[in-house]
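Engineer: Quick one: this structure, given as structure tokens, is what I'll be asking you about.
The values are calculated or read from the model by the stated rules, or taken from the named source; none is laboratory data. Remember, predicted model here, so these are calculated numbers, not experimental data. Here the Cβ positions follow ideal geometry from the backbone for every residue, glycine too, while neighbour counts run over all protein chains shown.
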Amino acid sequence: MVSSGSSLPRVGKVVLVDVGIPYAVYLVLSRLGVSPVLALVVAGGVSLVRVAIGYAADRTVSALSVLVLVRFGLGVLLGVLSGDARVVLVKDSLVTASVGLAALVSLFLARPLTYYIRRDFSGDRIAWKDSWTHSAQFRRMNRVTTAVWTAGLLAESAARIAVAFWTPLDIATLVCPALGAGSILALIAWTQWYGHAARPAVDAELAIVRS
């Protein structure tokens, strides 16, 4: 089985960067008199720059990078159309809900969504594909993981929408991405725990197939 234990620090760093740096950019721009909508859009562009740097380094685009690009594009579109900073904040909830629904739909397809995301972070796509092909336990693990992420993402989306419209803007600007990051880190931690718990059964199944 492909080990994903080393992916937690890597993903955690990505999530923290996507919260801390954009929020700092937003605060600086807003204190300089930039409109809240433009400040939020520019802050969201920080993630876009990070994706571009990653692509220039290894010429690959991960599933997570695609989500970042979608989030940025949606933020710009909503900002231009609405002129409301709170609507720009809600765009993350819309992306999260969309991903949650996509994960739900993927449960009925050949491979669930989290299979592709975890494969990208595993660093060994061939081994990951081999585990999927030869282990029913591995396939079950990925589908259970996707189901849990579906529930978590949809719940987080609803909570973030409530914060965006029912709290002061400066607070919402920090709490909304922090809520998103916290829920993602919690889901990642659960995924690591579940993957570790399921690993013996998967390894035993793969050992029988390869013997």
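Engineer: Taking residue 119 as the residue in question, decide whether it is buried (at least 20 other Cβ atoms within 10 Å of the Cβ), charged (D, E, K, R) and either modelled with pLDDT of 90 or more or in a helix (DSSP H, G or I) (or both).
Structural biologist: It is true that residue 119 is buried (at least 20 other Cβ atoms within 10 Å of the Cβ), charged (D, E, K, R) and either modelled with pLDDT of 90 or more or in a helix (DSSP H, G or I) (or both).
Engineer: Hey, can you tell me all the residues within the stretch 179-204 that are over 17 Å from residue 122 (Cα atoms) and buried (at least 17 other Cβ atoms within 10 Å of the Cβ)?
Structural biologist: 179, 180, 181, 183, 184
Engineer: One residue is enough: does the stretch 82-89 have a residue meeting the conditions at pLDDT below 70 and surrounded by fewer than 19 Cβ atoms within 10 Å (Cβ to Cβ)?
Structural biologist: Looking through the stretch 82-89, at least one residue is at pLDDT below 70 and surrounded by fewer than 19 Cβ atoms within 10 Å (Cβ to Cβ).
Engineer: Still on this model: Does residue 197 meet the test of being at negative phi and touching a residue at least 24 places away in the same chain (Cβ under 8 Å)?
Structural biologist: no
Engineer: Then there's this: Among the residues of the stretch 84-94, what is the count of those that are assigned to a helix (DSSP H, G or I) and more than 17 Å from residue 159 (Cα to Cα)?
Structural biologist: 1
Residue-wise test of (1) farther than 16 Å from residue 115 by Cβ; (2) touching a residue at least 12 places away in the same chain (Cβ under 8 Å); (3) of a type in the set (Asp, Glu).
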site	(1), (2), (3)
148	no, yes, no
168	yes, no, no
201	yes, yes, no
211	yes, no, no
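Engineer: Consider only pairs whose beta carbons are under 7 Å apart and that are at least six residues apart or on different chains; among these, list those whose first residue lies in the stretch 105-123 and is within 14 Å of residue 140 (Cβ to Cβ) and whose second residue is aromatic (Phe, Trp, Tyr) and surrounded by 19 or more Cβ atoms within 10 Å (Cβ to Cβ).
Structural biologist: 114/149
Engineer: Same structure again: Taking the stretch 95-116, which residues are at pLDDT 80 or above, under 14 Å from the mean Cα position of the chain (by Cα) and within 20 Å of residue 158 (Cβ to Cβ)?
Structural biologist: Across the stretch 95-116, the qualifying residues are 96, 97, 98, 99, 100, 101, 102, 103, 113.
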